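For reference, the structure discussed in these notes is given below.
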Amino acid sequence: MKKINFNKPYLTGKEDKYILEAVKSGKISGNGIFTKKCHEFFEDRYGFKKCLLTTSCTDALEMAAILININPGDEVIMPSYTFVSTANAFVLRGANIIFADSHADHPNIDETKIEGLITSKTKAIVVVHYAGNACEMDTIMAIASKHNIYVIEDAAQAIDAYYKGRPLGGIGHLGAFSFHETKNIISGEGGMLVINDEKFSQRAEIIWEKGTNRSAFFRGEIDKYGWVDIGSSFLPSDINAAFLFAQLEHLDDIQQKRIDIWNKYYEGLYELKQRKIIQLPKTPDYSTNNAHMFYIVCESANERTDLIEFLKNNGIGAVFHYLSLHKSPFYKKKYRGLDLVNSDIYTNTLLRLPLFYGLNHDQSFFITDTIKSFYL
Ligand SMILES: *Cc1c(COP(=O)(O)O)cnc(C)c1O
């Protein structure tokens, strides 16, 4: 059996053609033809009010932190079980991060733990839709509105995923997506900020364009542009957008394929779940499953280490995921909160299996079979 890597980027076949088109158009900096095509795709398909491609989800989150005017000492609530960028974007602007625990049966933030963490300094709640599964958004939006704070969706993993029929990334005041090569839809590095609260639209364009009103200038709304706010170079080259657009044209096909693989894993490992040997992912009933990730939850950290080693010896690249941020070398000295038991459990026991477009049925069968032979 050939080695099965954890991930293998999928190419739809049009990427190079569109990149060449972008190159030949004579304009390869940001906000070109393909950037606009991508924006339109998302606005049409999901009804997002305003989209801005960024060079990464990390950058989209940094834009969000600037837009909601995070100042030193402000507090931002988020799960501890997430990627560093979720927190870093706000730490860069001086925020203190208030970490909340995950659900016992899902890595998403436990919405019942949020309100108790709110103080007069709280500026925002950042939710992370782990594995593309929705957080309990109605509850979270109601808490935010009651306390007059913002909700930002880290929808890095949540493309084409829905909460009660509403597309993720389009529910909070702002949403951030990733097109990193490990996500469902990719452009190497890439991301997008979704602006759902119109009051942020104009300023978002300015921050995106290095703090200038260049976008309005190019639309002919003003006769010269200049420095009007803080900002950075958050917009990607149109070459990146060309790659992304080729992927977006195949979104349905990519999603169907990933969902098939996901279902094969679930069926293949169901016996281990029935016998309470491992846990399988649970999609909350208010959420769809966009098949971003297939993970299992082991009984202990040692068991997971042994299983990773066993899979590796069989040529299978399975990997653990986040390490609780409240215990990270960077943040643990600053952390004053409670123990986050569930976050630590996922840190120690969650294992991700290979999931990419090119993974065929023989391979996924071999993987579930190998896992079963480890346990049975
Ligand atoms: C991938 C990911 C990010 C970072 O995305 P980049 O595009 O690599 O910056 C942030 N948050 C979560 C939850 C992610 O999965």
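When you scan the stretch 73-117, how many residues do you find that are of a type outside the set (Asp, Glu) and part of a loop (DSSP other than H, G, I, E, B)?
Number satisfying all stated conditions: 15.
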May I ask you to list the residues in the stretch 137-163 that are touching a Lys or Arg at 6+ places or on another chain (Cβ under 9 Å) and of a type outside the set (Ser, Thr, Tyr)? Met137, Asp138, Ile149, Ala156, Gln157, Ile159, Asp160
Would you please name the residue that is farthest from Phe90 (Cα to Cα), looking only at residues in the stretch 109-148 that are basic (Lys, Arg) and surrounded by fewer than 17 Cβ atoms within 10 Å (Cβ to Cβ)? Lys146
Out of the stretch 149-181, which residues are more than 10 Å from the ligand (Cβ to nearest atom), under 12 Å from the mean Cα position of the chain (by Cα) and surrounded by fewer than 24 Cβ atoms within 10 Å (Cβ to Cβ)? Asp160
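Can you say whether Thr212 is without any contact (Cβ under 8 Å) to a residue 60 or more places away in the chain and either β-branched (Val, Ile, Thr) or buried (at least 20 other Cβ atoms within 10 Å of the Cβ) (or both), as far as the supplied structure shows?
Yes, satisfied.
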Within the stretch 250-292, residues touching a strand residue (DSSP E or B) at 6+ places or on another chain (Cβ under 8 Å), of a type outside the set (A, V, I, L, M) and outside any helix (DSSP H, G or I) come out as Gln279, Pro281, Tyr286, Ser287, Thr288
Is it the case, given these coordinates, that Lys146 is away from the ligand (no atom under 16 Å from the Cβ) and in a strand (DSSP E or B)? no
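Do we find that His321 is out of contact with any helix residue (DSSP H, G or I) (no Cβ under 7 Å at 6 or more places or on another chain), farther than 28 Å from Ser373 by Cα and not assigned by TED's automatic domain parsing to the domain that holds Ala156 in this structure?
Spelling it out, it is not the case that His321 is out of contact with any helix residue (DSSP H, G or I) (no Cβ under 7 Å at 6 or more places or on another chain), farther than 28 Å from Ser373 by Cα and not assigned by TED's automatic domain parsing to the domain that holds Ala156.
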Residues that are surrounded by fewer than 17 Cβ atoms within 10 Å (Cβ to Cβ), part of a helix (DSSP H, G or I) and touching a strand residue (DSSP E or B) at 6+ places or on another chain (Cβ under 7 Å), drawn from the stretch 36-70: Glu43
If a residue must be closer than 18 Å to Tyr46 by Cα and surrounded by 17 or more Cβ atoms within 10 Å (Cβ to Cβ), how many such residues does the stretch 249-267 contain? 3
Regarding Phe48, is this residue out of contact with any Gly (no Cβ under 8 Å at 6 or more places or on another chain) and closer than 16 Å to Phe179 by Cβ? no
Scan the stretch 8-23 and tell me whether some residue there is in a loop (DSSP other than H, G, I, E, B), in contact (Cβ under 8 Å) with a residue 40 or more places away in the chain, under 30 Å from Asn313 (Cβ atoms) and basic (Lys, Arg). yes
Identify the residue in the stretch 79-97 that is over 17 Å from Ile66 (Cβ atoms) and within 10 Å of the ligand (Cβ to nearest atom) and, among all such residues, is surrounded by the fewest Cβ atoms within 10 Å (Cβ to Cβ). Val84
Give Leu307, Leu311, Leu323 a once-over and let me know the one that is part of a loop (DSSP other than H, G, I, E, B) and surrounded by 14 or more Cβ atoms within 10 Å (Cβ to Cβ). Leu323
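The values are calculated or read from the model by the stated rules, or taken from the named source; none is laboratory data. Predicted, not measured: the structure shown is a model, and the values here were computed from it. All Cβ positions, even for glycine, are placed from backbone atoms using ideal geometry, and neighbour counts span all protein chains on display.
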